[in-house]
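Scroll down for the structure; my scribbles are underneath it.
The values are calculated or read from the model by the stated rules, or taken from the named source; none is laboratory data. Given the structure is predicted, the values throughout are model-derived calculations rather than measurements. Quick reminder, even Gly has a Cβ in these numbers, built from the backbone with ideal geometry, and neighbours come from all protein chains shown.
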Amino acid sequence: MAATYLFRRAVGAVFVLWLAATLAFLALKLTPGDPARALLAASGATSDEIAVRRAQLGLDDPLPVQYGRYLVELVRVDLGESWLHGRPVGQMIVEQLPSTVALAIAATAVAVVLGLLLGLPAALRQGTWVDTLTTSISVVCLSTPTYWSGLLAILVFSLYLPLFPSAGQGSPGHLVLPAGVLGFAMSGAIARVVRAQVVEVLRANYVVAARAKGLTPRRVLFVHVLRNALGPALAVTALQFGFMLSGAVVTESVFARSGLGKLVVQAIVWRDLPVVRGVMLVAALAFVLTSLAADLARGWLDPRLREGLQ
Amino acid sequence: MNTKNRTRYVAGLALTAALLVVSLAGCASRPSGQIRYGLTLAPSGIDPHVNASSELGIPLTSVYDTLVYLDPETSEFVPGLAESWSISYDGMEYAFSLREGVTFHDGTPFNAQAVKFNFDRITSPDLKSQKALFMLGPYDRTMVVDENTVLILLKQPYAPLLDSLSQVYLGMASPTAVQKWGADYQLHQVGTGPFVMEEYVPGDHLLLKPNPDYRWGPPVYKNRRAQAAEIEFRFFTDAATRSPALESGEADIMGEIPPQDAKRLESSSDFKIQVVPIPGVSLMFFLNTTRPPLDDVRVRQALLYGTDRKAVISTVFQDLSPLAYGPLAANTLGYDPAVQAFYPYDGEEAAALLAEVGWDDSDGDGILDKAGQKLALEAVLMGWGSMPEVAQLLESQWQALGIQLNSRVVSYPEALQIAQEGSYHLIPFNLSGSDPDILRKFFHSQASFNWSKINDAEMDGWLDEASRLTDRAQRVALYRQVQLRVMDEALVVPVRDYVNLNGVSNRVRDLRYDGQGWFPWLIDVGIASSGK
């Protein structure tokens, strides 16, 4: 049973990876701009020299040939060499992964804690000033762009109160501001989902029944309400985690961190197809894995889903 | 009640965790004599033989030595790894006598074979060089004459060669290290320069330590020994974070400070703004001479007369950039001050020229028209270098003349494509370079940046001839003619000379830049111990 389930998920994952790679290829091919010209024009290369380089990069071949070669390299897990950097793409991604993953994990932790702190009181005190306050805060979280909150955080916690470094990485202290800012932005969505789910579950008959049985409020909340309400929040968190692996580019720039987000944005600007493909794959893989993990965790939280799996 | 307690408990936990992190953060301290230098581009590759970014030269100009150096004070070339050189009468053979007793950081001796190895590497198709290869121009091959003499042979005379050889892109790398590291060489670069590349973590930092054996510095260096204990480079790609990083002590030197922040930093007693003019082609709008209505020189001249460049310099660049009058920045070799007499701001002259061509606001909508066509121009902009802000100002200035300017911002590769296709009226651009041959990249009919779409056989001849002449005075005379022709024909609207705006802590001493204006001579830079 579990084996067929995993097999189905694996087939789905391969499909997602193929789709991501194909979209990356098409998007870059449809965007105007010749990578060879972009790389060489400012150096005074002549049109002939640029043409030679274009051929060398395989950009003269018909599109289906380029796509076929692209897929073959993909299957062989040969990520190729960056046209801009002139280095192996796999190595470049491996270099950027630690700081990217550290930021994603820390920011997710902040987002979950903050999301629960904002979402739970809102649901439990629905309709009161507590609800209004925490819901408003979560809207602020959702709608504050990270480049602004990032600069604000630098001004307050790095310039006026010199508590944390504003730039770079290396020590846990370097992670506080970027993870805080990114987690702050992500927590809004989690808080909204937590609130909505908890409100819904609180109305369920089994919660009324649990209360009627005389269970302590704490037991009702943690065993009966949260367990049932957290599934969707988990799914949202997993999606956001996947997104942060390649989409945290603003936070990375503001805090002068390295990361996959910055790498892929630069690669898109320069039409550096091998790097875009490499990062897309890592991001797609991360999405597949985190959503698998989230689904398994939901199954563990909610036995009804487990039944459905079988 | 219980849920309330629980919430408090969770909040308490979070606070404890935060405090723990604060105490951890306090542990990092900075070694004395360390300089932190903020770089501004997302670092793409940093092998000078391979990559083209100007950012790479900031650290690596001090890791590598070059055969010759350009003295920015005199515009003369002075000895580097080459003690002396001679150029054959036909300008196709360059003989260099190399300094003896020079070793790379890994102990490999520097000699004629090493020079040949470097040029063979740069010109090898497998390396896919993005810049160094093209800086060698019509390079043919290098011959080792003896242990300390090399001969560089060209297919045609190429006057900018010495200028190219003075730049880090043609710096001398250790053959041993290049062979040992292969594809990983970027992370383990080895030169003969005053600093050793100690560590490079892409995207995070690059660390330089002094080379204790260094004693062959060029005469442009003031010191024989590095004055700093170490120099750490970090990458600040977001312009808005650069001055906060300087103010919070995350950096002692910061490149490319936005002009608004520069004004504010200037008023602080802890920092100074060091303005370094960059030679090369000024920031200017290329006017597409093949697309009506700009095919008429009078319309182009009207645009020049109708542009209040002083207002642009003070509004967008806070008066920190020199005003550009012609295609070359004022500190470039061969710059002709005669361009300053062209097209002073004169709205009436502009209006008169447009009326002469037959443009008139017949329907009273504020925009000139002729034969049912409105006088509307399309500008294609790239997002950097304040180009969009400049275009915005021009839009309002030209509107007063009845010219409508529509602009759109595109990426660099897309702008190149649009330029190829010719579907634009104006594109702004600037490019740095200390040799006036840079004009050939823009105003030769076959040039990759011929964005004015000019096809002037006489100007092609001047540019080609000037690139072949080794006599400097003759070259300068030809470049004067080119500059005057560009302005006569109103091929461009010059805006400003590019400047490298550095924010520098007052503790930093003797920060000076090379002839390109971008690359600091780090050997001389020192830092006083923190007063705080």
| task | Of the conditions (1) surrounded by fewer than 20 Cβ atoms within 10 Å (Cβ to Cβ); (2) touching a residue at least 12 places away in the same chain (Cβ under 8 Å); (3) within 39 Å of the chain's Cα centre (by Cα), B:Gly358 clears all except one; give me its number. | result | (3)
| request: Could you look through the stretch B:396-428, keep only residues that are in a strand (DSSP E or B), in contact with a helix residue (DSSP H, G or I) (Cβ under 6 Å, 6 or more places away or on another chain) and without any contact (Cβ under 8 Å) to a residue 40 or more places away in the chain, and pick out the one that is farthest from the other protein chains (Cβ to nearest Cβ)? | output: B:Leu405
| query | For B:Arg475, are the conditions met, namely being of a type in the set (Lys, Arg) and surrounded by 22 or more Cβ atoms within 10 Å (Cβ to Cβ)? | reply | yes
| In the stretch B:55-94, what residues are in a loop (DSSP other than H, G, I, E, B) and in contact with an Asp or Glu (Cβ under 7 Å, 6 or more places away or on another chain)? | B:Thr61, B:Pro72, B:Gly80, B:Leu81
| For the stretch A:160-173, what are the residues that are crowded, with 16+ Cβ neighbours inside 10 Å and free of Cβ contacts under 8 Å to residues at least 40 places away in the same chain? | A:Leu163, A:Phe164, A:Pro165, A:Ser171, A:Pro172, A:Gly173
| message | If I ask for residues that are farther than 24 Å from B:Leu323 by Cβ and at pLDDT below 95, which ones from the stretch B:476-504 would you list? | response | none
| Scanning the stretch A:1-41 for residues that are surrounded by 12 or more Cβ atoms within 10 Å (Cβ to Cβ) and among the charged types (D, E, K, R), which turns out farthest from B:Lys131 (Cα to Cα)? | A:Arg9
| What is the one condition in (1) farther than 23 Å from A:Ser258 by Cβ; (2) surrounded by fewer than 19 Cβ atoms within 10 Å (Cβ to Cβ); (3) within 18 Å of the chain's Cα centre (by Cα); (4) within 12 Å of chain A (Cβ to nearest Cβ) that B:Lys131 does not satisfy? | (2)
| task | For residues that are among the aliphatic types (A, V, I, L, M) and within 14 Å of chain A (Cβ to nearest Cβ), tally how many sit in the stretch B:174-208. | result | 6
| message | I need the full set of residues from the stretch B:89-100 which are modelled with pLDDT under 95 and of a type in the set (Gly, Ala, Ser), in order please. | response | B:Gly91
| remark: Sole miss for B:Phe235 among (1) modelled with pLDDT under 95; (2) closer than 30 Å to B:Gly326 by Cβ; (3) aromatic (Phe, Trp, Tyr) is condition (2)
| field | Search result, residues across the stretch B:309-329 that are over 25 Å from B:Thr289 (Cα atoms), aliphatic (A, V, I, L, M) and either in a helix (DSSP H, G or I) or modelled with pLDDT of 95 or more (or both) | value | B:Ala311, B:Ile313, B:Val316
| query | What helices (runs of 4 or more DSSP H) lie completely within the stretch A:1-69 and have 1 or more residues being closer than 29 Å to B:Gly280 by Cβ? | reply | A:35-40, A:47-56
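For every residue, the table says whether it meets (1) over 26 Å from B:Tyr345 (Cβ atoms); (2) modelled with pLDDT under 95; (3) touching a helix residue (DSSP H, G or I) at 6+ places or on another chain (Cβ under 7 Å).
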| residue | (1), (2), (3) |
| --- | --- |
| B:Val357 | no, yes, yes |
| B:Ser434 | yes, yes, yes |
| B:Ala457 | yes, no, no |
| B:Glu465 | yes, no, yes |
| note | Over the stretch A:159-174, the set of residues more than 8 Å from chain B (Cβ to nearest Cβ) and in a helix (DSSP H, G or I) is A:Tyr160
| query | Is one or more of the residues making up the stretch A:26-44 over 30 Å from B:Asn450 (Cα atoms) and at pLDDT 85 or above? | reply | yes
| Criterion violated by A:Ser138 - all others in (1) surrounded by fewer than 20 Cβ atoms within 10 Å (Cβ to Cβ); (2) more than 11 Å from every other protein chain (Cβ to nearest Cβ) satisfied | (1)
| task | Please report, ordered by residue number, the helices (runs of 4 or more DSSP H) entirely within the stretch A:195-310 with at least 2 residues that are of a type in the set (Val, Ile, Thr) and touching a residue at least 60 places away in the same chain (Cβ under 8 Å). | result | A:249-254, A:273-301
| Single match in A:Arg8, A:Arg69 (criterion: in contact with an Asp or Glu (Cβ under 9 Å, 6 or more places away or on another chain), more than 17 Å from B:Ser448 (Cβ to Cβ) and either more than 14 Å from chain B (Cβ to nearest Cβ) or small (Gly, Ala, Ser) (or both)) | A:Arg69
| task | May I ask you to verify whether A:Arg76 is exposed (fewer than 12 other Cβ atoms within 10 Å of the Cβ), basic (Lys, Arg), over 20 Å from A:Arg277 (Cβ atoms) and at pLDDT below 90? | result | no
| request: Output the number of residues of the stretch A:212-245 satisfying the condition of being within 14 Å of chain B (Cβ to nearest Cβ), crowded, with 17+ Cβ neighbours inside 10 Å and not aliphatic (A, V, I, L, M). | output: 1
| said: Of the conditions (1) farther than 23 Å from B:Val196 by Cα; (2) free of Cβ contacts under 8 Å to residues at least 40 places away in the same chain; (3) more than 30 Å from the chain's Cα centre (by Cα), B:Asp90 satisfies every one except a single condition; which number is it? | reply: (2)
| Picking from B:Arg475, B:Arg440, which residue would you name as being among the basic types (Lys, Arg), more than 14 Å from chain A (Cβ to nearest Cβ) and out of contact with any His (no Cβ under 6 Å at 6 or more places or on another chain)? | B:Arg475
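This table checks each residue for (1) within 27 Å of B:Gln260 (Cα to Cα); (2) not in a helix (DSSP H, G or I).
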site: B:Phe285; (1), (2): yes, yes
site: B:Thr290; (1), (2): no, yes
site: B:Leu294; (1), (2): no, yes
site: B:Arg300; (1), (2): no, no
site: B:Thr307; (1), (2): yes, yes
site: B:Leu353; (1), (2): no, no
| field | Of all residues in the stretch B:177-225 being in contact with a Ser or Thr (Cβ under 7 Å, 6 or more places away or on another chain) and in a strand (DSSP E or B), the one that is farthest from A:Ser253 (Cα to Cα) | value | B:Phe195
| request: Looking only at the stretch B:195-211, decide whether some residue is over 21 Å from the mean Cα position of the chain (by Cα) and closer than 20 Å to B:Gln516 by Cα. | output: yes
| query | Out of all the residues in the stretch A:72-100, which are assigned to a loop (DSSP other than H, G, I, E, B) and more than 14 Å from chain B (Cβ to nearest Cβ)? | reply | A:Arg76, A:Val77
| Every residue from the stretch A:266-287 that is surrounded by fewer than 24 Cβ atoms within 10 Å (Cβ to Cβ) and within 8 Å of chain B (Cβ to nearest Cβ) | A:Gln266, A:Val269, A:Trp270
| query | Pick from the stretch B:98-128 the residues that are farther than 20 Å from B:Pro157 by Cα and among the polar types (S, T, N, Q): which of them is nearest to the other protein chains (Cβ to nearest Cβ)? | reply | B:Ser124
